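All of the numbers you see were taken from the coordinates with simple rules; none came from a lab. Worth saying up front: this structure is predicted, and the values here are computed from it rather than measured. As a convention, Cβ positions derive from the backbone with ideal geometry for all residues, glycine included, and neighbour counts pool all protein chains shown.
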Amino acid sequence: MIFATGNKHKLREMRELLPELDLRPLPEGVELPPEEGESFAGIALDKARAAHAATGEAAIGDDSGIEAAALGGRPGIHSARYGGPDATDEENLEKLLREVAAAGDERRAAYHCALALIDADGGEHVFEARCEGRLIERPRGTGGFGYDPAFVPDATGPDDDRTMSELSQAEKNEISHRGLAARLLARHLEAGGAPAGR
């Protein structure tokens, strides 16, 4: 099965989350469409459709991002390019924290993930999940990627102030938006939604 992403961090996480699947990277030369949809689900479907059309194989597309309450849900689907088309993770995070601080005291945020599965026979399925939490003022931790160093998830409990970057990978996989969505996808496959259309 093809995982339609150019992000090696996401591919590694998905392989850990779905070890029973033989997830392969997008073949060289296959271009993903620009992320111009209006929702996480729509963008994930576009990626999966492109990978399926290019290879004829079952494919998974992912789109995810962070939504800050103080910014009306931004950056949302623009999370990967929030600081500009060539922005680094650090530049994206710096812009988000600067804008949230300027907006007032509201620090609530949520990660959102949509995973789109295209069966080998073309059947389409979407699985979405959220991870609620809050943004801290200064990043902490060396693990994870993206906005993880400033995001403290609710799911670890009210007395746990660790950011996503300070959790072990196993802890993160248990509670993350991508982990929750991957488990929904896995349950679909276990229930008979075979990727090869069997």
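Take Cys131 and tell me if it is touching a His at 6+ places or on another chain (Cβ under 7 Å), under 17 Å from Glu16 (Cα atoms) and buried (at least 19 other Cβ atoms within 10 Å of the Cβ).
For Cys131, the condition - touching a His at 6+ places or on another chain (Cβ under 7 Å), under 17 Å from Glu16 (Cα atoms) and buried (at least 19 other Cβ atoms within 10 Å of the Cβ) - is not met.
Kindly state which strands (runs of 3 or more DSSP E) lie completely within region 77-188 and contain at least 3 residues that are aliphatic (A, V, I, L, M).
108-118, 124-135
Listed residues His177, His188; which is over 21 Å from Gly65 (Cβ atoms) and surrounded by 15 or more Cβ atoms within 10 Å (Cβ to Cβ)?
Sole residue among the options that is over 21 Å from Gly65 (Cβ atoms) and surrounded by 15 or more Cβ atoms within 10 Å (Cβ to Cβ): His188.
Looking for whichever is over 21 Å from Gly179 (Cβ atoms), of a type in the set (Gly, Ala, Ser) and either surrounded by fewer than 18 Cβ atoms within 10 Å (Cβ to Cβ) or within 17 Å of the chain's Cα centre (by Cα) (or both) here; the options are Ala87, Ala48. Which one fits?
Ala87
Residue-by-condition table, conditions (1) closer than 19 Å to Ser165 by Cβ; (2) crowded, with 20+ Cβ neighbours inside 10 Å; (3) not basic (Lys, Arg):
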| residue | (1), (2), (3) |
| --- | --- |
| Gly56 | no, no, yes |
| Ala59 | no, yes, yes |
| Asp62 | no, yes, yes |
| Ala69 | no, no, yes |
| Ile77 | no, yes, yes |
| Ala102 | no, no, yes |
| Arg107 | yes, no, no |
| His112 | yes, yes, yes |
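I need the full set of residues from region 1-34 which are in contact with a Lys or Arg (Cβ under 6 Å, 6 or more places away or on another chain) and either part of a loop (DSSP other than H, G, I, E, B) or without any contact (Cβ under 8 Å) to a residue 24 or more places away in the chain (or both), in order please.
Across region 1-34, the qualifying residues are Leu23, Leu32.
Within region 112-143, track down each residue that is within 16 Å of the chain's Cα centre (by Cα) and either under 26 Å from Ala51 (Cα atoms) or free of Cβ contacts under 8 Å to residues at least 12 places away in the same chain (or both).
Listed by number, the residues that qualify are His112, Cys113, Ala114, Leu115, Ala116, Leu117, Val126, Phe127, Glu128, Ala129, Arg130.
May I ask you to list the residues in region 140-153 that are buried (at least 18 other Cβ atoms within 10 Å of the Cβ) and either of a type outside the set (A, V, I, L, M) or touching a Phe, Trp or Tyr at 6+ places or on another chain (Cβ under 7 Å) (or both)?
Once the filter is applied, which keeps residues that are buried (at least 18 other Cβ atoms within 10 Å of the Cβ) and either of a type outside the set (A, V, I, L, M) or touching a Phe, Trp or Tyr at 6+ places or on another chain (Cβ under 7 Å) (or both), region 140-153 yields Gly144, Gly146, Tyr147, Asp148, Pro149, Phe151, Pro153.
Restricting to region 11-61, what's the tally of residues that are within 21 Å of Pro85 (Cβ to Cβ) and small (Gly, Ala, Ser)?
Total satisfying the criteria: 6.
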